[in-house]
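Peer 1: The following block contains the structure, expressed as structure tokens.
The values are calculated or read from the model by the stated rules, or taken from the named source; none is laboratory data. Remember, predicted model here, so these are calculated numbers, not experimental data. Here the Cβ positions follow ideal geometry from the backbone for every residue, glycine too, while neighbour counts run over all protein chains shown.
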Amino acid sequence: MIKQVKNNIRKSVLILALAACLPACTKNDDFFNLRDTAGIDAAIWSTDGAVQLHLNRVYDVVVPSFPFQVIPDRGQVHLASDENYFPDGEEWALAALGMRGVLGNNDVRYVGNRYTGNNGDNRYFDISRCNQAITNIPLGTLPQNVQRTYLGQYYALRAMVYFELVKVYGGVPIILDPQTPENLYLGGRKSAKECFDQIISDLNNAITMLQGFNPGDGDGRGKMTSLIASCIKAKALMYWASPQFNPSNDATRWQTALQANKEAYDLCLAAGKKLMANYGEIFQTEGTTNTEAILVRTFSPTIERRGHDGERRARPSSEGGSAYKGYIATKKLLDTYPMRDGNVRGASTQFAYDDVMFWVNRDPRFDATIAYNGSNWPLSGNNNRKQWTYNTAVGESNGNGTYCKRFSTPGLAVGNVPYSNNIGGSGMDWIELRLAEVMLNYADCLNETGNLTGAKDMVRQIRVRAGIVAGNGGNDYGLGVVTGRDQMRTLLLNERMIEFAFENKRNADLRRTRQMHLLTGQMQKIEINLVNPPQGTNLRDKGVLEAVDAAGVAFRDKLNINDKTTYLRYFRPYTIVTNTQYSNYSVPEFHYFYTFHDDFVNNGANIDPTIGWAGGTFDPLK
């Protein structure tokens with residue numbers, strides 16, 4: 001059954017890597033829960049169904065899910081950014097943003113010293129699963145074409161894991177073979193270049209081996225393909241060229257990245273990928289109908305252990321939810337959305353900005369993403385439903401001046417919202433990679449190699465899809481004012497913040513562009529209060545607003561919130577709430593690369609701390 005690894009093995013670091021097949025023990029695959037290659041019957045690598053079960057578990061632990069499925073801890077400080085508001089108690093987020101002082105060596109546990117079979121527990125255990133398959137499948141008797149299809153997927157998944165590690169740590173140990181207690185890896189951290197070389201090598205293998213592999217929709221949706229591997233390769237090369245890894249701005253890296261990203265974009269178009277017509281439906285559409293999705297993690301509300309709790313974490317309490325604080329927009333995110341013609345707030349001559357009616361005349365992605373006081377938010381089959389966010393609103397939570405609409409399913413009934421006893425929820429796919437990201441990655445490369453026109457074209461397509469209008473006087477969807485590379489860099493970073501709001505890309509974008517340490521000010525959100533707040537038993541305006549007529553319609557739902565006089569009769573202009581208990585954003589520059597915690601550094605495994613951290617000697621860029 002399970003060959004236990006003794007706790008006193010001195011080289012505990014890559015007991016990390018020792019867990020070759022370590023899936024969580026479930027009714028379907030507990031016979032794979034073995035510690036090393038010697039504990040596995042070699043016959044499984046010659047059995048199609050057995051390999052597929054093993055591969056399914058690798059997908060489960062490698063491909064990301066909806067944000068905040070597990071309340072983040074110190075191991076996930078890289079989820080924090082300036083797009084979401086984290087109040088008291090979320091120390092991991094506040095520390096990552098420098099608001100609780102400098103992180104210590106043991107405050108980052110992206111590579112943990114534990115493993116329970118869950119997504120993100122320990123990345124080296126996930127690599128170990130891939131290593132066992134890559135080593136042993138060729139020794140089995142499956143037909144060569146079947147072996148190649150499996151191997152291509154394992155190579156792509158291993159590359160994904162190493163890419164995530166390198167984004168966080170810089171150079172990391174590169175382990176490519178199954179480990180045993182008698183033969184543990186002691187090679188220490190490799191250079192960032194060696195790591196990227198390995199990532200690209202794995203992806204090239206995947207691209208070649210998966211040529212012609214078309215798993216289709218249904219059970220095949222979410223599996224790696226040559227197209228997906230090409231898109232991940234392009235993204236990895238863009239990172240290698242970006243300031244986080246390329247502070248001296250070596251132009252040859254950008255040229256290499258440009259070639260790969262053009263190829264990925266062209267392959268997407270050849271495969272029939274195109275932007276979804278409606279931005280608001282991207283995370284509400286599954287299967288072939290979603291023409292934009294490239295890499296997804298599939299879910300089901302009816303199959304045990306195949307659901308997720310994303311719906312509950314996005315919905316308001318009035319609709320069976322318990323909205324997570326990570327889905328509350330910061331004031332900075334709200335301000336980043338441009339006006340309807342693509343110009344920044346206050347710069348448009350066609351669409352005026354009103355700080356009270358801050359939602360009016362904005363980029364349509366604002367309304368598709370942000371649920372604000374009195375906005376339309378279809379839920380539970382009610383297409384005319386209004387969301388009220390003022391403090392003391394009946395059936396709602398105080399302090400939620402905004403909600404995130406993007407990950408909710410309009411037709412899902414309240415009773416089906418919770419993911420409970422490993423079943424239920426919406427079952428909607430998580431989209432980890434979509435065409436818009438491929439296009440903006442390509443735009444970054446075009447801009448950095450001097451093709452401003454090409455970069456603008458990518459953004460223009462995305463803005464047209466969003467519903468932004470061309471504007472007058474050569475405005476060109478807000479792109480007319482951009483005349484140089486530096487301006488385009490700023491626009492692209494802001495465009496990504498808007499387009500990928502709450503998709504857990506902002507932290508990585510700030511780090512990749514070396515903008516994280518430039519964050520200033522304090523974390524802020526907005527709250528809405530009544531003009532006449534309830535006092536004792538005198539409900540005043542609250543009673544009027546929430547009174548229901550004979551048809552069951554609340555008075556507030558009949559209000560025209562876009563009429564300023566009407567709005568201000570009942571609601572005050574928003575209040576900015578600042579978390580004054582903590583300091584301003586203050587991210588040290590050395591936090592662009594975290595360090596391995598002391599559990600690994602102190603166990604003789606040649607894992608050196610990163611420069612800038614206590615005892616740091618390892619240069620993450622060497």
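Peer 1: Does the stretch 155-186 hold any residues that are touching an Asp or Glu at 6+ places or on another chain (Cβ under 9 Å) and of a type in the set (Phe, Trp, Tyr), and which are they?
Peer 2: Within the stretch 155-186, 155, 162, 185 qualify.
This table checks each residue for (1) more than 25 Å from residue 64 (Cα to Cα); (2) of a type in the set (Val, Ile, Thr).
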| residue | (1), (2) |
| --- | --- |
| 108 | no, yes |
| 128 | no, no |
| 131 | no, no |
| 142 | yes, no |
| 172 | no, yes |
| 178 | no, no |
| 183 | yes, no |
| 194 | no, no |
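Peer 1: Identify, please: which residue in the stretch 198-221 is part of a helix (DSSP H, G or I) and modelled with pLDDT under 95 and is, among those, surrounded by the most Cβ atoms within 10 Å (Cβ to Cβ)?
Peer 2: Looking at the filtered set, the residue picked out is 220.
Peer 1: When you scan the stretch 130-152, how many residues do you find that are closer than 15 Å to residue 49 by Cα, in a helix (DSSP H, G or I) and more than 34 Å from the chain's Cα centre (by Cα)?
Peer 2: 0
Peer 1: Any residue at all in the stretch 447-465 that is within 21 Å of residue 369 (Cα to Cα) and part of a loop (DSSP other than H, G, I, E, B)?
Peer 2: no
Peer 1: Could you list, in sequence order, all residues of the stretch 330-346 that are more than 10 Å from residue 362 (Cα to Cα), in a loop (DSSP other than H, G, I, E, B) and touching a residue at least 60 places away in the same chain (Cβ under 8 Å)?
Peer 2: 330
Peer 1: How many residues are part of a loop (DSSP other than H, G, I, E, B) and under 30 Å from residue 373 (Cβ atoms) when one looks only at the stretch 286-320?
Peer 2: Going through the stretch 286-320 one residue at a time, the tally reaches 5.
Peer 1: Identify all residues within the stretch 92-128 that are among the small types (Gly, Ala, Ser) and modelled with pLDDT of 80 or more; write none if there are none.
Peer 2: 93, 95, 96, 98, 104, 128
Peer 1: Exactly one of these conditions fails for residue 523: (1) within 30 Å of residue 350 (Cα to Cα); (2) modelled with pLDDT under 95. Give me its number.
Peer 2: Result: residue 523 passes all but (1).
Peer 1: If you don't mind, there's one more thing I want to ask. May I ask you to say which residue of 382, 421, 391, 373 is without any contact (Cβ under 8 Å) to a residue 12 or more places away in the chain and closer than 20 Å to residue 555 by Cα?
Peer 2: Of the residues listed, the single one that is without any contact (Cβ under 8 Å) to a residue 12 or more places away in the chain and closer than 20 Å to residue 555 by Cα is 382.
Peer 1: More than 21 Å from the chain's Cα centre (by Cα) and at positive phi: is that true of residue 222 in this structure? Before the answer, list the steps.
Peer 2: Values: more than 21 Å from the chain's Cα centre (by Cα): no; at positive phi: yes.
No: the conditions fail for residue 222.
Peer 1: For the stretch 302-345: of the residues being surrounded by 18 or more Cβ atoms within 10 Å (Cβ to Cβ) and of a type in the set (S, T, N, Q), which is nearest to residue 527 (Cα to Cα)?
Peer 2: Step by step, filter the stretch 302-345, then rank; the result is 330.
Peer 1: Please indicate, with yes or no, whether at least one residue in the stretch 565-579 is in a helix (DSSP H, G or I) and surrounded by 15 or more Cβ atoms within 10 Å (Cβ to Cβ). Steps first, answer last, please.
Peer 2: Initial filter on the stretch 565-579 (in a helix (DSSP H, G or I)): 565-570.
Then keep just the ones that are surrounded by 15 or more Cβ atoms within 10 Å (Cβ to Cβ); that gives 567, 570.
Yes, that holds for at least one residue.
Peer 1: Which members of the stretch 128-158 meet the condition of being more than 18 Å from residue 178 (Cβ to Cβ) and among the hydrophobic types (A, V, I, L, M, F, W, C)?
Peer 2: 142, 146, 156
Peer 1: Being touching a residue at least 24 places away in the same chain (Cβ under 8 Å), part of a strand (DSSP E or B) and of a type outside the set (A, V, I, L, M) narrows it down to one of 437, 432, 396, so name that one. It would help to see each step written out before you state the result.
Peer 2: Details: 437 fails: part of a strand (DSSP E or B); 396 fails: part of a strand (DSSP E or B).
Unique residue meeting the criteria: 432.
Peer 1: Oh, and also: Of the numbered conditions (1) under 22 Å from residue 487 (Cα atoms); (2) out of contact with any strand residue (DSSP E or B) (no Cβ under 7 Å at 6 or more places or on another chain), residue 366 satisfies every one except a single condition; which is it?
Peer 2: (1)
Peer 1: Only one residue in 323, 352 is in contact with a strand residue (DSSP E or B) (Cβ under 6 Å, 6 or more places away or on another chain) and assigned to a loop (DSSP other than H, G, I, E, B), so which one is that?
Peer 2: The match here is 323.
Peer 1: Moving to a separate point now. Given the structure, is residue 61 at pLDDT 75 or above, closer than 23 Å to residue 505 by Cα and among the aliphatic types (A, V, I, L, M)?
Peer 2: Values: at pLDDT 75 or above: yes; closer than 23 Å to residue 505 by Cα: yes; among the aliphatic types (A, V, I, L, M): yes.
When the stated conditions are applied, residue 61 passes them.
Peer 1: A further question follows. Of the conditions (1) out of contact with any Cys (no Cβ under 7 Å at 6 or more places or on another chain); (2) of a type in the set (Ser, Thr, Tyr); (3) in contact (Cβ under 8 Å) with a residue 60 or more places away in the chain, residue 327 satisfies every one except a single condition; which number is it?
Peer 2: In the conditions (1) out of contact with any Cys (no Cβ under 7 Å at 6 or more places or on another chain); (2) of a type in the set (Ser, Thr, Tyr); (3) in contact (Cβ under 8 Å) with a residue 60 or more places away in the chain, residue 327 misses (1) alone.
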